[in-house]
Structure formats: C-alpha cells, structure tokens
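The values are calculated or read from the model by the stated rules, or taken from the named source; none is laboratory data. Given the structure is predicted, the values throughout are model-derived calculations rather than measurements. FYI the Cβ positions are ideal-geometry reconstructions off the backbone, even for glycines, and counts take in every protein chain you see.
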Amino acid sequence: MSLLDTLGLKKGEGKGKEILPIIPEAVYETGVLELQDIIAPAALEVNSNFLRIGDKVARTIFVISYPRFLALNWFSPVVNLDKIFDISIFIQPIETSTVLRQLQKKVAEVQSQIHRREEKGLVRDPVLDTAYQDLEMLRDQLQQATEKLFSVGLYITLYADDLEGLNSVQKEMESILESKMVYVKPALFQQKEGLESVLPFVSDSLQVYSRLNSSPLSSIFPFVSFDLSSDSGILYGINRHNNSLVLFDRFSLENYNSVVFAKAGSGKSYSTKLEILRNLMFGVDVIVIDPEREYEYLARAVDGRSFNISLTSKHHINPFDLPPIGEDESPSDVLRSNVINLVGLFRLMLGGLTPQEDAIMDRAISETYAVRDIVPDTDFSGTIPPTLSDLELVLAGTEGGEALAQRLSKFTKGSWAGFLNQPTNVDINRNLVVFSVRDMEDELRPVAMYIVTHFIWNAIRKNIKKRLLVVDEAWWMMKSEDTASFLFGIAKRCRKYYLGLATITQNVNDFLGSPYGLPIITNSSMQLLLKQSPASIEVLQKTFNLTEEEKFLLLESEVGEGIFFAGMKHVAIKILASYTEDQIITSDPAQLLAIKKAKEDFEDAQ
C-alpha cells in the first residue's frame, strides 16, 4: 500500500484541496517489515505443473506406488542426488483394530476369488496367491504387535533455473526411483498445495497416502549418507551436501590413523576434542600431547589426568625406561630398538652428532644399560633402569666420549636436569591422559614431545587396548628428522597394538616439508581438512588431489567446516557439538572468559 492509498487519494488529487493531517500510526503500519516480507520471494507464479518462485522454477512430485519389498537404504541415491530439492515425509499411524477389520474383509474377498477360479477349473493365479499370503502374514504380524501400519505421504519438490533444467531433474529423479520400482507423479493443478506440503509448515495439503508397515517404512529413513555413514562409530558432523549424519568408526578402517590440517582458529582442536569426548563414551582410552594446555579442562571434566611437562615440573620421565617384552618379541630386539631410539633422542638434544660421535653414543648407551645388568637375552623386567647421570659417567670414561659427556652435563647438572635426570613418576592409568608441553622452552619442546611420545609408546605396548594417541601441533616434531622418523614409526606399527594416531597441525608447509610428512598421510586412513590459508592451499590441493571446487570450499569455509576423508570416500562436513559438549571443549577466549565470569558470579552468590 502506498502513502497515497493510506491518505485515501488518487494520483493527481489533493491539488487545491485541503490536505488532512497524516496519522503517524497509519504511516507506520504501511512501512512495517515483517518476517514474511524478508523470506518471501519477489514473485510467485502458479501454473498447472510448475511454480515460478522468484528467478527459480519448482515442481512437486509425489510417490503413488511402492514395490512388494523395499531394500534397505533404497532412498539413499535420492538423498545424495547432486541436485537442489526438498523432501517431506508425512507419517500417520493407523489403529491396528481398524486395519484388522479391513484386512479380514480383504482376505475374504481374495479367498473367494481363489475358490471361484478353482470351481471353474481355471489355472491358479500367482497374483492372487501372493496377495493372500501377504495379507495373512500382515494380519499375523499386526495381531502379534511385531508390526504397525502407517499412512505415508512422500513428496519431493524439485528446483531449477528454467523449465528445461526442471524437466531434466525430474527425469533423473524418476529414473532413480523407477529402478527401485517406486513410481511418482507430478501434482497437476496442485503445485501450490505441493509446495505448502514440502515447506516446514507441518501441513499436508496434498494428502496422497500409501499404506506401509513398520519394516518398509524404516527403509525410507532420510538421514543417511551414501558416502560416509555406518552402523557403528561416532558422529563426526553433518554432511553439508545433503544434511545427513557423518557416522563413522575409525577402528573399522585398514588402519586407525588420522591427520587434521587447518589454519589457526579454524576449529581443528575443537573438532579433535569433540572426537575425543565421543570416543570416551565408547570405552576408547585417549592420550594427548598438548602443546598449548588446551585439553586440561577436558581431562578434568571426564576424570582424566593431566601432566604439565616443564623444566620445573614435579612430573618426570626417564628416557632410559624400557618397554615390557611382548610374547612375540625377544629381549635383545626390545633393547636394541630402545638403544636406537635413544641415539635419535641424543642426536636431537645435542644438536646433531658426527658419525664417530654417533657410534660412541651407541656403544655408551649399551654399556650404561649393562651397568644395571640390562643386557641382551636376559629377562630385565623389573630392573631399575639407568639415568642420564649414569650415561654421563660412562661417556666420561670412554675414549672420545669426554666431549659428549661435557655437552650432556647441562641435562644432568644444569637447569635442564630437573626434567630428564629423574626416575619416572608418571602414571597413565586413566581413560584420558594429557601431557602438556606449553611451559617447556621452545628449544626443548621437540625434545619433550619426543620423550613423551616414546614413553607413551612403551606404555601402550604393555597391553593391547583400543586407544587413540593425539599429537597436536605435530609440526613441532616434523622439524627434526629424528622426531619425525619416530612419529612415522608409530604410524606404521600402532595398528598392531589397537592404537590410532591422530596428528594435528596448522603449519602445513613444515609438516609436508619433512620427508616423513607425506608417508604419515598415506599411512592415515582418515583425513580432515578445515579452512585453509591461500599460502598452503596449493600444497594441499596437490597432496590430496582436490578439485578446484574443493579448493575454493576450503578457502571459503566457516569455522568447523571442511572436507572429511575416510578411505577412498570424502564429503564436505560441518562439525557440530551440543551445548554441553561445547562448554567442555571450547577454546574460544570470549567463551572461556564468559564461563569464568559466570562461575565467579555463582561462587559470589553462594
């Protein structure tokens, strides 16, 4: 309504006439903006077999016939069709007593037709025999309350830019459905009613019903993903393509490893903590190497345990600790493997070793173990392992080892002695264990992550149990060849111990710049790519063979959105958490401050 209409005037009127005062309320009412004005299309044209909604055309079709049997997930190809459409399913239960009376009459009719054919000497009709068997079976199931009967209306509204495209989409949809022996018709002269039935008004204006019992009705369940949905596992997110659920179990794949790549603030730690929380509900033990103390609150919330690893920490790990000897392992193999790992550790701690120093260190470590009666082919379980001070003494008495002993002294007598030169006092017998290395100096952080990972690996080998090892900001370990090699070794061997390795990083170039970066990815059956920066997208596109559309999807994604890979399949995903989960796992500073303030206000009120 225009202002002239409000005033009761026509165009050209009012000249030379007395103008009445404008009523403010009337002007306001003509200019008010309501929700319908915002969501309504610019124009709506109703035709016999299609609607024109703004610059789009739409057509509603409905199911008129189902086959005798509906296979499980027969509706998945429709749900996952790469077209724009809306689906509405109306389900209304029917009283069993009413159905039984109707079935009794129908059975009598079919039985009468069969008898008449027999009296006339006609060949039996397979259609009548099958109908009689189906009716009797349905009666039995309804009487035994193992099935119920429902009136079901299934409507689909298709959208396209023009009529040609709309007809093409309809043919494609009909082809999929008819291959399942499900037949549809367009809602002729009822397109407006069809659109009303599909829009979220919970109003069935078409009222075209078919009768289905419980079993075939369950096969129409629409929230399935053709690509990534399984009967077991946890909810990873929502399939952005069709809004179905991405349900998956990493322990059902050929290996249980995963990698997560995302730029800072894109939700990589959030999505990882959400996966941890949901895996804990299924009895999976989780161990986290946390570089920023982001997982401590989660550990407290689930009655886990958190260790802060630093130079002044009360928690210590002795790198000379030995793993238990497995049933398929020999003591000599276990000792040899640990010596090799320790040489790699000291190569990292001392800033590199020459080939001669490497050989001296290898021999000195073996002699250090021998001082404690830990030698190959002997049962050294229960033996107290040596410490760094023991190695320093051996090096000092070894020809050519004096310089190495001097370089090692800062870890045994200097400010760094508190962390390494102590017996282990860390126990990880909880469902969630977090090792935080945030307070460790940057120079020592790769060393700390290596030692913690080595300790965890030895602990995991004690008993086989479903576990997940999370290494956040893994690029710290990829900066050194020794730590990267050790991490890759875990990725290759962890399946044997029912362990999944989850590596997370925001620095893609550093991770893939390591010679072990790509092998770790290829040894990970799951990958999650969240929002990426332009600087790293080209490397990721080449590594994961992304299309141009997927490349731009990662550049334009919101927080918690990206691409989820599992084996050979992948989908666009959106990570979603419940309110309670969000309060436990959030790392948003604004949210954390709000939670802290609410807690303080509550304590003050008490």
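Residue by residue through segment 495-522, note down the ones that are buried (at least 16 other Cβ atoms within 10 Å of the Cβ), in a helix (DSSP H, G or I) and either touching a Gly at 6+ places or on another chain (Cβ under 7 Å) or β-branched (Val, Ile, Thr) (or both).
Correct list: Val508, Phe511, Ile520, Ile521.
What are the residues in segment 395-416 that are in contact (Cβ under 8 Å) with a residue 24 or more places away in the chain, under 26 Å from His315 (Cα atoms) and surrounded by 13 or more Cβ atoms within 10 Å (Cβ to Cβ), if any?
Arg407, Leu408, Phe411, Thr412, Trp416
Any residue at all in segment 375-389 that is closer than 22 Å to Thr453 by Cβ, touching an Asp or Glu at 6+ places or on another chain (Cβ under 9 Å) and crowded, with 17+ Cβ neighbours inside 10 Å?
Yes: segment 375-389 contains one or more residues that are closer than 22 Å to Thr453 by Cβ, touching an Asp or Glu at 6+ places or on another chain (Cβ under 9 Å) and crowded, with 17+ Cβ neighbours inside 10 Å.
Quick one: is Ser168 among the polar types (S, T, N, Q) and in contact (Cβ under 8 Å) with a residue 60 or more places away in the chain?
On the way: among the polar types (S, T, N, Q): yes; in contact (Cβ under 8 Å) with a residue 60 or more places away in the chain: no.
So Ser168 does not fit the description; no.
I need the full set of residues from segment 74-91 which are among the charged types (D, E, K, R) and part of a strand (DSSP E or B), in order please.
Within segment 74-91, just Asp86 meets the criteria.
Determine which single condition Leu247 fails, assuming it passes every other condition in (1) aliphatic (A, V, I, L, M); (2) in contact (Cβ under 8 Å) with a residue 40 or more places away in the chain; (3) within 30 Å of Glu549 (Cα to Cα).
Evaluating Leu247 over (1) aliphatic (A, V, I, L, M); (2) in contact (Cβ under 8 Å) with a residue 40 or more places away in the chain; (3) within 30 Å of Glu549 (Cα to Cα) leaves (2) as the failure.
Take residues that are surrounded by fewer than 23 Cβ atoms within 10 Å (Cβ to Cβ) and within 23 Å of the chain's Cα centre (by Cα) and tell me which of the helices (runs of 4 or more DSSP H) falling wholly in segment 247-353 contain 1 or more. Give the derivation first.
Working: elements: 268-280, 296-301, 331-349.
In segment 247-353, 268-280, 296-301 are the helices (runs of 4 or more DSSP H) which contain 1 or more residues that are surrounded by fewer than 23 Cβ atoms within 10 Å (Cβ to Cβ) and within 23 Å of the chain's Cα centre (by Cα).
Answer with yes or no whether Asp390 is closer than 15 Å to Asn308 by Cα and acidic (Asp, Glu).
no
Considering only residues that are among the aromatic types (Phe, Trp, Tyr) and farther than 14 Å from Asn318 by Cβ, which ones fall in segment 417-436?
As a first pass, look at segment 417-436 and keep what is among the aromatic types (Phe, Trp, Tyr): 419, 435.
Phe435 - this is the single residue of segment 417-436 that is among the aromatic types (Phe, Trp, Tyr) and farther than 14 Å from Asn318 by Cβ.
Has segment 449-463 got at least one residue that is outside any helix (DSSP H, G or I) and modelled with pLDDT of 85 or more? I'd like the intermediate steps shown before the answer.
Start the filter on segment 449-463 by keeping residues that are outside any helix (DSSP H, G or I), which leaves 461-463.
This time we only want the ones that are modelled with pLDDT of 85 or more, so: none.
No, because not a single residue in segment 449-463 is outside any helix (DSSP H, G or I) and modelled with pLDDT of 85 or more.
Taking segment 361-384 on its own, how many of its residues are in contact with a helix residue (DSSP H, G or I) (Cβ under 8 Å, 6 or more places away or on another chain) and of a type outside the set (A, V, I, L, M, F, W, C)?
Residues meeting the conditions: 10.
Can we say Val184 is assigned to a helix (DSSP H, G or I) and either hydrophobic (A, V, I, L, M, F, W, C) or surrounded by 15 or more Cβ atoms within 10 Å (Cβ to Cβ) (or both)?
Answer is no for this residue.
Looking only at residues in segment 201-217 that are in contact (Cβ under 8 Å) with a residue 60 or more places away in the chain and part of a loop (DSSP other than H, G, I, E, B), which one is farthest from Lys185 (Cα to Cα)?
Per the criteria, the residue is Asp204.
Can you tell me which residues in segment 457-505 are of a type outside the set (A, V, I, L, M), touching a residue at least 40 places away in the same chain (Cβ under 8 Å) and in contact with a strand residue (DSSP E or B) (Cβ under 8 Å, 6 or more places away or on another chain)?
Lys465, Lys466, Arg467, Asp472, Glu473, Cys494, Tyr498, Gly500, Thr503, Thr505
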